Every structure is written in structure tokens, then in C-alpha cells.
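Here is the structure we will look at, set down as C-alpha cells.
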Amino acid sequence: MIFFILSGLLFCAATASSRQPTCNAESQKIQMVKEPASFTGAKVGSRVEVVCAAIAEPLPSISWLKDGADLHVHTNYASTLLFESITEEDYGTYTCVISTCCNGVTRKITTVVGEPTCENEHGSAPVAFGADREYKTYGDAKAACEALGMRLAVANSAAENTALVDAMKAAFQRPLKDTKFDPDNWAWIGGSDRESEGKWQDIYSKQPLKYFNWMKKQPDNWKGKKKKVYNSNGQDFLSINRVNGQWDDSFAEHKRPYICQCPVEA
């Protein structure tokens, strides 16, 4: 085996065959043995191997590009980029270039080695938190989602609202409490009318919500009992029932479960 070390990367390739068969149209066909996988969720410090292998007759040569620049590595048959401890400088687009010595037939396969994305970490579906009864106020729930690279989820359609309910059903293995407004029965999501009463909007985009699933007689902007007023502004933040998916407006000071989701790229 021949090892090449460039810019902290380890390249490993098999030695070339000594046979020199006659070139013809059939022998020039490149057959992939191993296409390089994508590593868009590679954390700094992790170990990553990007393998590219192909066969042809005669054996093809393999070289690598990073972000379009030649890494000056040329081997036969198989080559592996080995990142023993990946750094941010290693992130980029890598291209495996497979070439035959017969009339220059070439095939290029591109892959990405990049930092973890929200969806790599958490998936694209909503994720409910609080099944461990670690409830949070609205502001703390928002901060907890953002610390994960996520945001408080919000539904823009009946299907998306069902996805929120599904997330809660996956997280909670216990029935609702008997008291309708028990904190365990509701979860925070990303809607509010704090900026303008009655005009509910996405707390991130500030765009008006176009879908609603209010519980009967809601929203009511209740301001609390005379002896206990939670907030003079009333109930300005959106919560969802974790079984039927109906909505209620509520006080930000209440502690309850919450639902996060990865941001949708514009």
C-alpha cells in the first residue's frame, strides 16, 4: 500500500497492476466498486473515511479535487481520504476523478464533507420535549430550542399540526391529566399575538399565521383571576393540546412541555 499525506489528510491507495492489456471500447468501461459517501454531519474531531474505488481494463487511475483544486494524488483502482480528526478547514466539496488510460475516459463523483446540520442532528420532523417533566416557560422553551439549532415549531396546515401531535405522542407515554389546563397536557409552539392583540404571527418570520386550530371559545386573551394576574397583556402565546392538537392562548410565565423543529431553509 502507498500512503500519501497532504494537508493533514491521509490517502491510501492500492498499487497499480503491472498488466498492460490492449485497449478497446469494451475495456474502457468504468465500473464503480465504491462511490464516495456524503458526510454532511461530520463533527469536528470525528474520524471520517471517504472511499472511492472503481475497476476497468486496464485499471483506472484515481485522483481527488477539493473545492475544484487538485490535491495532486494519483493512484490506481482505489483511494481513501482518511480524516483522523476532522477540522473545519477540512470541510468542503471533494471530487473523485476516475480516468482510464485508454483515450482518457473519465468519470467524476462529488461528495460533501461538512459540518453537522440541524436535520443531521435532529431530523426534519418536530421533536417534543418535556416528557421528563422538565417544563419551561415560553421564553425558556424558545431559548432551549435555539440552543439545539432549532426553533419552536408552528403549524401552517392541518398536516403540519398532525405532525406536532405525532411528535408529542412519540415523546409522551402517559395519558392526559384530568384537569384540562394541567401543564402536562399542553406544549408551547411558535405563535404569538404579543405585538398586536388578535393578530397571531410566527414569532420568527413575523408573518401572520394562516392556519388555526383553536379549541372552542379560544383564543380568549384571559388575564387571570382578580387576585392573580399573570400579565396585564393577557394570554399572548400559543400552546397545543398534546392529544387532540387543538390550540389555546396562554401566559408566557406558565411552565409546560414544548415542541422544537429545524428551521426550514428559505
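Since every read-out is calculated from the coordinates, none of them should be taken as a lab result. None of the values given here were measured: they were computed from a predicted structure. Please note: Cβ atoms are built from the backbone with ideal geometry, for glycine as well, and neighbour counts cover all protein chains shown.
Below, the figures for the structure above:
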item: Added length on full extension, which subtracts the Cα-Cα distance from 0.36 nm per residue, Gln218 to Ala37; result: 60.1 nm
item: Cα-based reach from Lys66 at 17 Å (exclusive), listing aspartates and glutamates while leaving out same-chain residues under 8 positions away; result: Glu35, Glu49, Glu88, Glu89, Asp90, Glu115
item: Sequence-distant residues sharing a close amide H with His254 (under 5 Å, placed H); result: Tyr138
item: Compactness of the stretch 88-218 - radius of gyration and Dmax, Cα, Å; result: 22.2, 78
item: Order by protection proxy (mean Cβ within 10 Å, highest first), peptides 208-214, 78-84; result: 78-84, 208-214
item: Amide H contacts under 5 Å for Ala42, placed H, 5+ residues apart; result: Gly114
item: Translational D in µm²/s for the stretch 58-105 (Stokes-Einstein at 25 °C, 0.890 mPa s, Kirkwood Rh from C-alpha pairs); result: 207 µm²/s
item: Entries of Lys180/Lys206; Lys177/Lys206; Lys136/Lys206 with Cα pairs more than 26 Å apart; result: Lys180/Lys206; Lys177/Lys206
item: Relative packing of 197-207, 248-258, 170-180, 109-119, which averages over residues the other C-beta atoms within 10 Å, highest first; result: 248-258, 109-119, 197-207, 170-180
item: Shape of the stretch 123-180, Cα gyration tensor, a/c cut at 1.5; result: oblate
